[in-house]
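J.: Take a look at this one; I'll ask things after.
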Amino acid sequence: MKKMVTAALAAALFSTAPIASAHDGWSQTSPIVAAGEVAYVELLFGNHSNEHGSYRIEGNWNEETTKTYAVTPAGDKIDVTGTTFYTGEVVESDNAKINNGYIASFSALTPGAYIVSVEGDSIFAHGGVASRTLRSAKSFVAVADVPLLRRVQDLRGFGKVVSPDRAEWVPASNPAAETTGGTVSARLMLKGEPLAGAEATLVRRSTSEAERLTTDADGYVTFEAGPADYYLLRAKPATDEKVEGKYDKTNYEATMTFVVQNGRAAAPKGQPASGLPTVYVDGKEVDAAASGLRLADGALRVDAAWLAEATSRNVDASGEASLRRAAEAAGVAVEYFPAVGGVPAAVHLYAN
């Protein structure tokens, strides 16, 4: 059972009002990437005007205290900081680090939901008061054999807590497959627990139009997706956590970006695919016939013994079992990719 940070407790412990002098960091990616290609991650930093309701870029992430991670569909958090490069000039005399930034990257052969988490930890002193800022900037990449929204629309793996030592946004809808007019939902977590009653801002990139939101009793914000564009969701709770002689308070900064798409891209031409999906274990195609895979009552079922052997996991079932239920109970992540055009559906199991 999750502990809940209630609205009353949040009011007593947290200040979520925008801080005029503070900077915000966020990361940004292309939402859908073909398997085997490189996903690029922009590390952006802004001193937002309009009470932090703009998308203005100014300054940079601190390269000495910033780490960039890619979380795989299997849940492995991989440090990709070493791929980072700076987009500005080697020598900058005027307006150094303005409108420039850093870019990191990773390559994924296995289709699935990848979470990017850029994390910073800095201490700032101003006016005799020192504060620690813990940053979480998340973005999301759906990797697919057919890089189309329709192919990745059913992915579930984005909704993970990946930084339990700080505040972060956890999407409840699929951030790689948002379309205009759809419902977007995300949950604000603080040290792994939902944060109720926190102020948040949603900013559209091309216009800097800002919408003020407040997390509900379960830590969620829910809103209708706007026109096709990049969007930034941010929140900045603060606590009185301190370490004597080092800092007097702690600011938590949580941002996430996502792209709203039109959803009009056409599927590859060909006869509509039919039959059972292709099955992959850790990116490798397996013999679906040997698995006993069949569709019954709208759910895929497999032989439990085959599932245990294919994933090298203890499967608490015997005979025929629900593929998703048995796999997830054994700690194996499951993603389903619907058929598009002549390309058949696929099921990916992530055991390692």
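The values are calculated or read from the model by the stated rules, or taken from the named source; none is laboratory data. Just so it is clear, the structure is predicted and the values come from calculations on it, not from any experiment. What goes into the accessible areas is simple: the full protein's heavy atoms, side chains included, and nothing from ligands, DNA or RNA. Shrake-Rupley method; radii C 1.70, N 1.55, O 1.52, S 1.80 Å.
J.: Could you sort His126, His23 by accessible area so the largest value comes first, with the probe set to 1.4 Å?
T.: Result, largest first: His126, His23.
J.: In percent, what relative contact order does segment 257-352 have, based on Cα pairs under 8 Å that are 6 or more apart in sequence?
T.: Worked out over segment 257-352, it gives 35 percent.
J.: A follow-up question, please. By accessible area of protein heavy atoms, probe 1.4 Å, what ranking do Leu349, Leu148 get, highest first?
T.: Leu148, Leu349
J.: Listed here are the pairs Lys77/Lys242; Lys138/Lys284; Lys67/Lys236; Lys67/Lys284; Lys138/Lys246; Lys191/Lys246; which of them are more than 23 Å apart at the Cα?
T.: Lys77/Lys242; Lys138/Lys284; Lys67/Lys284; Lys138/Lys246
J.: What percentage of the solvent-accessible surface of the chain, computed with a 1.4 Å probe over protein heavy atoms, is contributed by carbon and sulfur atoms?
T.: In the chain, the share of accessible area belonging to carbon and sulfur is 49 percent.
J.: Also, quick follow-up: Can you sort Thr110, Thr255 by 1.4 Å-probe accessible area, starting with the largest?
T.: From most accessible down to least: Thr110, Thr255.
J.: Calculate one ³J(HN,Hα) per residue across segment 211-224 by plugging θ = phi - 60° into the Karplus curve 6.51 cos²θ - 1.76 cosθ + 1.60, and present them in order as whole Hz with x for glycine and proline.
T.: Karplus-based 3J(HN,Hα) across segment 211-224 equals 10, 8, 10, 9, 5, 7, 4, 9, x, 8, 10, 9, 7, 8 Hz.
J.: Another question, then. How large is the accessible surface of Ser206 in square angstrom, using a 1.4 angstrom probe and rounding to the nearest 10?
T.: Roughly 80 Å² of Ser206 is accessible to a 1.4 Å probe.
J.: Right, here's the next one. What number, in percent, do you get for the relative contact order of the chain if the mean sequence gap of Cα pairs under 8 Å and at least 6 apart is divided by its residue count?
T.: 17
J.: Before rounding to the nearest 500, sum -39500 (n - 2.57) across all DSSP H runs of length at least 4 in the chain and divide by the residue total; then give [θ] at 222 nm in deg cm²/dmol.
T.: After summing the helix terms and dividing by residue count, I get -2000 deg cm²/dmol.
J.: Okay, next question. Calculate, in nm to one decimal, what Tyr40 and Thr179 gain on full extension: separation in residues at 0.36 nm each, minus their alpha carbon distance.
T.: Additional length available on full extension: 47.8 nm.
J.: Using the heavy atoms of the protein chains alone and a 1.4 angstrom probe, what is the accessible area of the chain per residue in square angstrom?
T.: 47
J.: Right, next: Which ³J(HN,Hα) values in Hz, rounded to whole numbers, follow from the phi angles of segment 30-36 under the Karplus curve 6.51 cos²θ - 1.76 cosθ + 1.60, where θ = phi - 60° and Gly and Pro get x?
T.: Result, ordered by residue: 6, x, 10, 10, 5, 4, x Hz.
J.: Can you give me the relative contact order of segment 140-190 as a percent, contacts being Cα pairs under 8 Å and 6 or more apart?
T.: Result for segment 140-190 is 35 percent.
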